[in-house]
Amino acid sequence: MAKIIVVTSGKGGVGKTTSSAAIGTGLAMKGHKTVLIDFDVGLRNLDLIMGCERRVVYDFVNVINKEATLSQALIKDKRTKDLYILPASQTRDKDALTPEGVEEVLNELSKDFEYIVCDSPAGIERGAQMALYFADVAIVTTNPEVSSVRDSDRILGILQSKSRRAEQGLSPIEEHLLVTRYNPERVSEGEMLSVADVEEILAIPLLGVIPESEAVLKASNQGTPVILDTQAVAGQAYADAVERLLGEQRPLRFTDVQKKGFFKRLLGG
């Protein structure tokens with residue numbers, strides 16, 4: 001039976017799709033058969049991040065409406081073995097996602113995959129609620145700023161009260177915190193919340209801290225998950241997060257201000 005992971009947040013623009021792509025790719029790189037599902041009906045960005053937008057013929061809604069089979073809609077990733085993408089529709093309304101339809105697709109995918117990673121839209125509208133409802137694991141993604149953290153706290157309330165597990169009295173969703181776009185220099189200057197501040201507010205286990213990095217934008221523009229860039233600090237941080245998700249112990253990196261060397265100080269770098 002597959003483990004269903006939702007990557008979610010209360011606020012838009014915090015890096016959910018980047019994180020979904022990186023975590024799904026990382027799981028597949030570790031040998032786990034993984035499928036990424038884009039729940040953002042009407043916008044559809046996951047296929048762009050994964051570099052497969054020109055290969056989309058059928059989508060998630062087509063499968064729900066029986067207009068295509070899963071095998072027709074699933075796109076095999078061209079770089080990573082064991083990784084598949086189920087894109088969202090750009091032309092349908094979010095109401096096209098029905099609980100019955102989504103459950104049927106997830107049940108069918110569970111027969112073949114170890115991990116189903118759901119890229120949720122921001123907020124609490126229908127697409128987001130559909131992604132959250134069936135989750136076994138939630139990765140709550142937030143930037144280290146007050147509005148983003150506050151909105152993530154709202155999402156935690158929904159996870160704990162409106163999920164299938166909550167309704168059926170099952171064990172609660174396994175919750176993880178992923179802090180993105182972290183800049184230790186700005187934290188030290190009081191412009192951002194620290195990791196400890198975010199942890200104190202949300203009170204869920206920390207999965208990882210992804211540093212602010214130009215490599216993320218570069219990877220997105222190239223249609224490549226940043227975790228494949230092993231030289232980039234963001235790619236390394238996502239790799240650490242995947243290891244922790246799989247139960248490994250990894251120390252946090254990239255959370256402290258880097259001291260400048262003598263020549264950098266001399267040259268004002």
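On the stretch given as the range 152-166, residues that are in contact with a strand residue (DSSP E or B) (Cβ under 8 Å, 6 or more places away or on another chain) and not aliphatic (A, V, I, L, M) total 1.
Residues in the range 148-160 that are out of contact with any Leu (no Cβ under 8 Å at 6 or more places or on another chain) and in contact (Cβ under 8 Å) with a residue 12 or more places away in the chain: 5 in all. Checked against (1) modelled with pLDDT under 95; (2) at positive phi, I158 meets all criteria but (2). Residue count for the range 39-97 satisfying the condition of being touching a Phe, Trp or Tyr at 6+ places or on another chain (Cβ under 6 Å) and either open to solvent by 70 Å² or more (accessible area, probe 1.4 Å) or on the phi > 0 side of the Ramachandran plot (or both): 2.
The set of residues in the range 161-186 being touching a residue at least 60 places away in the same chain (Cβ under 8 Å), open to solvent by 30 Å² or more (accessible area, probe 1.4 Å) and more than 19 Å from the chain's Cα centre (by Cα) consists of E185 alone.
Taken over the range 220-240, residues that are among the hydrophobic types (A, V, I, L, M, F, W, C), without any contact (Cβ under 8 Å) to a residue 24 or more places away in the chain and either in contact with a helix residue (DSSP H, G or I) (Cβ under 7 Å, 6 or more places away or on another chain) or crowded, with 20+ Cβ neighbours inside 10 Å (or both) amount to 1. If the condition is being out of contact with any His (no Cβ under 8 Å at 6 or more places or on another chain) and either charged (D, E, K, R) or part of a strand (DSSP E or B) (or both), then the range 133-164 contributes D136, T141, T142, E145, R150, D151, D153, R154, K162, R164.
A residue that is at pLDDT 95 or above, open to solvent by 10 Å² or more (accessible area, probe 1.4 Å) and part of a loop (DSSP other than H, G, I, E, B) occurs nowhere in the range 115-132.
The values are calculated or read from the model by the stated rules, or taken from the named source; none is laboratory data. This structure is a prediction, so every number in the text was calculated from the model and none was measured. Quick reminder, even Gly has a Cβ in these numbers, built from the backbone with ideal geometry, and neighbours come from all protein chains shown. For the accessible areas, the whole protein counts, side chains as well, though only heavy atoms, and no ligand, DNA or RNA atoms are used. Shrake-Rupley method; radii C 1.70, N 1.55, O 1.52, S 1.80 Å.
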